[in-house]
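The structure appears right after this line, and notes come after that.
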Amino acid sequence: MTQTLTSTSAAPAATAAAAADPTAWWRHAVIYQIYPRSWADGDGDGIGDLPGVTARLGYLKDLGVDAVWFSPFYTSPQADAGYDVADYRDIDPLFGTLADADAMLATARELGLKVIVDLVPNHSSDEHVWFRAALAATPGSAERARYIFRDGSGDGGEVPPNNWRSVFGGRAWTRITEPDGTPGQWYLHLFDPKQPDFDWDNPQVREEFESVLRFWLDRGVDGFRVDVAHGLVKESGLPDWDEKQEILGGIGEVEASEHLSLDADERDGKPRPPMWDQDGVHEVYETWRTILDSYGKPDRILCAEAWVEPAERAARYVRPTEMNQAFNFDFLECPWKAARLVRVIDHSLAAAASVGAPSTWVLSNHDVVRHASRLGLTQDKRRPNGIGRDDVQPDRDLGLMRARAATTLMLALPGAAYVYQGEELGLPDSTDMPDEFRQDPTFARSQGTELGRDGCRVPMPWTRGAPSLGFGPSDSTWLPQPAAYGDYAVDQQVGREDSTLELYRTLLRVRREERLGEGSLRWLEEYAGQPDVVAFANERAGDAHIVVIANLGAAPLPLPAGASVVISSGALHDDGAVPTDTTVWVRLRSS
């Protein structure tokens, strides 16, 4: 049975706004995230490094991505896997040297891959030279003014300056011992105590990061992913925050959260948390955008990690004078339910279009349970912050089927997209990791009530049967690889038509050929009354050249009359119907 498709209707929220350069590379790019510790180990110490990355960059060229984003590789004591930076202008010896970084950049350039590096401006390491100077200085000094030091309350200053909680668990303040040995001031750390927050009201801090931007731009990077972009500026006076924050953020459901609200209606009319999404951050990014634009073409870009809602508020980060991209975390957090997906996609495109920006889609990253595992759990609960041996285990087959369908849906959407290393293999989280191997500070600071992010950070499997599954030349890996990872190894999937790797390669090739990232979305009227279907046309100049249909229901879904299948996330039924948890791209025969 087939369904006749007569027309499509434009979703008012999905009409793209005009932009100065609608074909700019970053508006439609697919960017691959490399977590350097876990992608490729060149020296056999069990930790990924830049020489290992450089040796395997050809894999990404063959995959078909446009750019690579690197999580931090700077000098760091690694208290939070490199997001505690001690020197923003050097490479940690774990990963190599500046010469290795230059070689990686040169190789990427030869392969036609752009390079985005992580920038961590909200906080430094407590081993940064500035923070060491602050500890050696006295209260009120210029050295302390670069960070947020405050006197405590109580008779002896023993009470923290306010009641803020750390995203990783526990209070967000740590008291120091003064140089004379007496109990002293407190410093703010919205994350780990080894990650003291900078004071962005201090001109020295702003000047330093402007210099850091130029340092890496001069070395040839194409842009920056900005960590905790919504957290740099705090409300004046650092007032207490008593409203319960239950909503998941970038780290998970812990005592405080980076994520502001589940629904826009919940936040309207209420005060914003004094540590997140303050208006003053936008002045910072306007200055940064001016610096990047001064380097000319091709555009150098900024991408915001900003856990901000509603979408209209998040869109302020990608106004024409600020950042180029902002991760669409509403899409990442959306359960596998058609009506919710339609609402999130529609709302996201409308908010982005209102400022002339693309939406930037993402399903997995180094901070969340991989979507091949997340979608194998019940979709009626919030995502967990890590899955352990004693937890309900994801349905691996169901999770992979839905993950393939979700990615096939995502890569057909207009705008840019990010892909997290290993998702092209269908990698699940490591859900049986013994607790003694866990290194995420969330696990320790929450006393084990939050397992944290280690499960999504396990080293990549490249070759089944090889030492460390081909991750490096030795058996050593900084986190243990699950036994099942051998089945997902690259060498087991290359050239196998039904593999997840080949699905990604095909999706990326057709997306590029059809210029889907540059298109616009029109919802299909014929499917509007079907609650378990997401169906739209990706158009350019009114030409519905690719129609996308995702069946999230239990019953098979007939294809439209005259449909020619381009790609399917899974096998279709013998009669051509779309099975449950399957997404197809089709072309329609001209009338």
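The values are calculated or read from the model by the stated rules, or taken from the named source; none is laboratory data. Worth saying up front: this structure is predicted, and the values here are computed from it rather than measured. A quick note on method: Cβ atoms are made from the backbone with ideal geometry, for glycine too, and the neighbour counts reach across all protein chains shown. These accessible areas exclude ligands, DNA and RNA; they are computed on the full protein's heavy atoms, side chains included. Shrake-Rupley method; radii C 1.70, N 1.55, O 1.52, S 1.80 Å.
Look at the dipole of the chain built from charges on Cβ: of His282, Val342, Ala106, the Cα furthest out on the positive end belongs to Val342. Accessible area ranking (1.4 Å probe, heavy atoms, ligands and nucleic acids excluded), largest first, for Lys297, Lys337, Lys234, Lys114: Lys297, Lys337, Lys114, Lys234.
Arg319 exposes around 70 Å² of accessible area when a 1.4 Å probe is run over every protein chain in place.
Exposure check, 1.4 Å probe, all protein chains in place: Leu135 carries approximately 60 Å² of accessible surface. Annotation note: GluC sites (Glu not before Pro) in the range 115-169 located in DSSP loop regions with a Cβ neighbour count of at most 15 within 10 Å are Glu158. Label-point separation (nm) for Ser153 and Thr182, each offset 7 Å from Cα along Cα-to-Cβ? Label at Ser153, label at Thr182, 2.2 nm between them. Note on the chain: lysine pairs with Cα distance below 30 Å, sequence gap of 8 or more or different chains, count 13. Spin-label model, Glu283 to Arg382: label points 7 Å out along the Cα-to-beta-carbon direction sit 3.3 nm apart. Measuring with a 1.4 angstrom probe and ignoring ligands and nucleic acids, Ser153 comes out at about 60 Å² accessible. Let me make sure I get this right: for the range 67-122, a, b and c are the square roots of the gyration tensor eigenvalues over alpha carbons, sorted descending. Under 1.5 in a/c it's rounded, otherwise prolate if a/b > b/c, else oblate. Which is it? Judged from the Cα gyration tensor, the range 67-122 comes out prolate (a/c at least 1.5, a/b above b/c).
Using only helices, what value at 222 nm comes out for the chain when you add -39,500 (n - 2.57) per DSSP H run of length 4 or more and divide by the total residues, to the nearest 500 deg cm²/dmol?
Result for the chain: -6500 deg cm²/dmol, rounded to the nearest 500.
Candidates Tyr317, Trp241, Gln447 compared by Cα position along the dipole of the chain: farthest toward the positive end lies Tyr317, with charges placed on Cβ.
Multiplying the residue separation of Ala103 and Leu572 by 0.36 nm and subtracting their alpha-carbon distance yields 164.3 nm. Stretching the chain fully between Arg515 and Arg496 yields a gain of 4.3 nm (0.36 nm per residue, less the alpha carbon separation). Qualifying GluC sites (Glu not before Pro) in the range 514-545, where qualification requires a DSSP coil assignment and no more than 11 other C-beta atoms within 10 Å, are lacking entirely. Distance between the 7 Å Cα→Cβ label points at Lys337 and Glu210: 4.8 nm.
Mind giving me the FRET efficiency for Asp487 and Asp218? R0 is 35 Å, r the Cβ-Cβ distance, nearest 0.05 is fine. So the FRET efficiency works out to roughly 0.20.
For the range 175-228, state the average projected area of the convex hull of the C-alpha atoms over all orientations, rounded to one decimal in nm².
Averaging across all directions leaves 5.4 nm² for the Cα convex hull.
The accessible surface of the range 434-578, taken with every protein chain in place and a 1.4 Å probe, is 47 percent carbon and sulfur. For the range 265-366, the dipole from Cβ point charges (+1 on Lys and Arg, -1 on Asp and Glu) about the Cα centre works out to 200 debye, to the nearest 20. Ligands, DNA and RNA are left out, and with a 1.4 angstrom probe the accessible area of the chain is 36 Å² per residue.
Quick one, which of (i) 20, 56, 22, 2, 0; (ii) 22, 52, 23, 2; (iii) 19, 50, 28, 3 is the actual P(r) over Cα pairs in 20 Å bins from 0, in percent calculated for this model? Among (i) 20, 56, 22, 2, 0; (ii) 22, 52, 23, 2; (iii) 19, 50, 28, 3, the one derived from this structure is (i).
Using a 1.4 Å probe over the heavy atoms of the protein chains, calculate the carbon and sulfur portion of the accessible area of the range 105-204 as a whole percent. Reported share for carbon and sulfur atoms: 50 percent.
At a Förster radius of 30 Å, what calculated FRET efficiency corresponds to the Cβ-Cβ distance of Val565 and Gln393, to the nearest 0.05?
Values: r = 33 Å, r/R0 = 1.11.
Calculated value: 0.35.
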